[in-house]
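Asker: Following this message is one structure expressed as structure tokens.
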Amino acid sequence: MKKKYLRICIVIVIAILAVIFTEFDAFLYKDPIIKVENIKTLEKSKNTDQYKNTDTQVTQRVTGRFLNTAKRGQKISLKNTYYRSQLTDQKYRVGQQVMLTKTGKHYSINDVKRDTVLVFTIGLVMVLLFCMQFSRGKLLTSVLLNLVVYYGFMKMLINTHNSILLLMTVITALLISGIALIVILGPTSDALMAYSSTVISTTVSILLSVLLLNLSNNSGVHMELTDFGLQPYFSVFISQVIFSVLGVILDETMDISSSLIEMKKEISDVSEKTLFKSGINIGRELIGPLINILLFIVIAEHLNVVLLYLSNGNSINYTFEMTLSLGLAQLLISGIGIVLTVPITSFIASKVITRRTV
């Protein structure tokens, strides 16, 4: 117990030191950085559009002191104009560290220096992981390896100009799910069992959903409304669906498989039929929460766009069709995958687990 608290204290100290360091690490940056010492509002003007949406434009004078470069210690005064909504700009406050851009002899405000906030957030997560006694090493290893795979995925897409997007998505999905399971469960039969269930469930749900979309001629699903109109529309949409479905199915598969494995440990002579029924019962309890979680994610992701459409006089039906059609289509496909995962995982797990000795 003492060792546990000692480790937590060490992590807390390291996190605090890292946060303090990033607060004073301006010397590591090539871009000029100032610390804001004074803010003065110079002008305010209210603007109203044809739909009676109002916003206020504010011009402020930002005075700060250089923290790096040859001008370190010198003062500078700059103008910053922003809207109260801060959609594409932002308001600066005293105490913030702000990065500047130099053009010729003139400086302009670029953005806020955020490394301190980032390190604080990472430190907080690490402290919580140590407090809850999660397997930190496996978690971090799987995340880092999958980030490397995802980086390779992005580089490949850039080099091929998205020409093999769907193929690369499938390969990447197979790799990241395999890496996550192998790192967390190890190269065991449990990992193979969960991997098989995940791949089969994801494949069946995607193929079935594509079939339904083709039969309905994509009725009500506007794939051309993908962010920034990125082409090819179908490949981009299906790629998004694959990653979203994969994540939730992987989670569901792990829950059902691990529960049945523990059941086998408790009851060594449990029958295959009993395990299958237990898996179905466990899956039934997971379906509702998982679908609701995905629904909340869809609503949260598109809330700003929905409000934008509604505030500009569009009808509810038109707004939902233009903003939520793709999200709801992804939700329905994910729902199909979530439901199919229950019998598929229960069947595979019951077959594998009953043939092992405890």
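Asker: Looking at Val143, Val183, Val204, can you tell me which residue is buried (at least 18 other Cβ atoms within 10 Å of the Cβ) and of a type in the set (A, V, I, L, M)?
Answerer: Val183
Asker: Quick one: would you say Leu286 is part of a helix (DSSP H, G or I), of a type outside the set (Val, Ile, Thr), open to solvent by 40 Å² or more (accessible area, probe 1.4 Å) and at pLDDT 80 or above?
Answerer: In short, no.
Asker: Also, I was wondering about something else. Being open to solvent by 90 Å² or more (accessible area, probe 1.4 Å) and either part of a loop (DSSP other than H, G, I, E, B) or modelled with pLDDT under 90 (or both) is the filter here, so list the residues in segment 82-121 that pass it.
Answerer: Of everything in segment 82-121, those that are open to solvent by 90 Å² or more (accessible area, probe 1.4 Å) and either part of a loop (DSSP other than H, G, I, E, B) or modelled with pLDDT under 90 (or both) turn out to be Arg84, Leu87, Thr88, Arg93, Val94, Lys102, Thr103, Lys105, His106, Arg114.
Asker: Evaluate segment 32-41: report whether one residue or more is surrounded by 11 or more Cβ atoms within 10 Å (Cβ to Cβ), assigned to a helix (DSSP H, G or I), charged (D, E, K, R) and at pLDDT 90 or above.
Answerer: Scanning segment 32-41 turns up no residue that is surrounded by 11 or more Cβ atoms within 10 Å (Cβ to Cβ), assigned to a helix (DSSP H, G or I), charged (D, E, K, R) and at pLDDT 90 or above.
A quick yes/no check of all residues on (1) outside any helix (DSSP H, G or I); (2) basic (Lys, Arg); (3) under 21 Å from Leu250 (Cα atoms):
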{"residue": "Leu290", "(1), (2), (3)": "no, no, yes"}
{"residue": "Leu295", "(1), (2), (3)": "no, no, yes"}
{"residue": "Asn304", "(1), (2), (3)": "no, no, no"}
{"residue": "Leu310", "(1), (2), (3)": "no, no, no"}
{"residue": "Glu321", "(1), (2), (3)": "no, no, no"}
{"residue": "Leu328", "(1), (2), (3)": "no, no, yes"}
{"residue": "Arg355", "(1), (2), (3)": "yes, yes, no"}
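Asker: Please verify whether Phe296 is open to solvent by 50 Å² or more (accessible area, probe 1.4 Å) and under 20 Å from Ser196 (Cα atoms), treating the condition exactly as stated.
Answerer: Answer is no for this residue.
Asker: Any chance segment 43-66 includes a residue that's under 11 Å from Gln97 (Cβ atoms) and open to solvent by 50 Å² or more (accessible area, probe 1.4 Å)?
Answerer: Scanning segment 43-66 turns up at least one residue that is under 11 Å from Gln97 (Cβ atoms) and open to solvent by 50 Å² or more (accessible area, probe 1.4 Å).
Asker: Can you find a residue in segment 2-20 that is without any contact (Cβ under 8 Å) to a residue 12 or more places away in the chain, exposed (fewer than 13 other Cβ atoms within 10 Å of the Cβ) and assigned to a loop (DSSP other than H, G, I, E, B)?
Answerer: The answer is no, given that none of the residues of segment 2-20 is without any contact (Cβ under 8 Å) to a residue 12 or more places away in the chain, exposed (fewer than 13 other Cβ atoms within 10 Å of the Cβ) and assigned to a loop (DSSP other than H, G, I, E, B).
This table checks each residue for (1) farther than 22 Å from Gln240 by Cβ; (2) touching a strand residue (DSSP E or B) at 6+ places or on another chain (Cβ under 8 Å); (3) open to solvent by less than 50 Å² (accessible area, probe 1.4 Å); (4) touching a residue at least 40 places away in the same chain (Cβ under 8 Å).
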{"site": "Asn292", "(1), (2), (3), (4)": "no, no, no, no"}
{"site": "Leu328", "(1), (2), (3), (4)": "no, no, no, no"}
{"site": "Leu331", "(1), (2), (3), (4)": "no, no, yes, yes"}
{"site": "Ser334", "(1), (2), (3), (4)": "no, no, yes, yes"}
{"site": "Lys351", "(1), (2), (3), (4)": "yes, no, no, yes"}
{"site": "Arg355", "(1), (2), (3), (4)": "yes, no, no, no"}
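The values are calculated or read from the model by the stated rules, or taken from the named source; none is laboratory data. Worth saying up front: this structure is predicted, and the values here are computed from it rather than measured. Here Cβ is always computed from backbone atoms with ideal geometry, including for glycine, and neighbour counts include all displayed protein chains. Heavy atoms of the whole protein, side chains included, go into the accessibility calculation; ligands, DNA and RNA do not. Shrake-Rupley method; radii C 1.70, N 1.55, O 1.52, S 1.80 Å.
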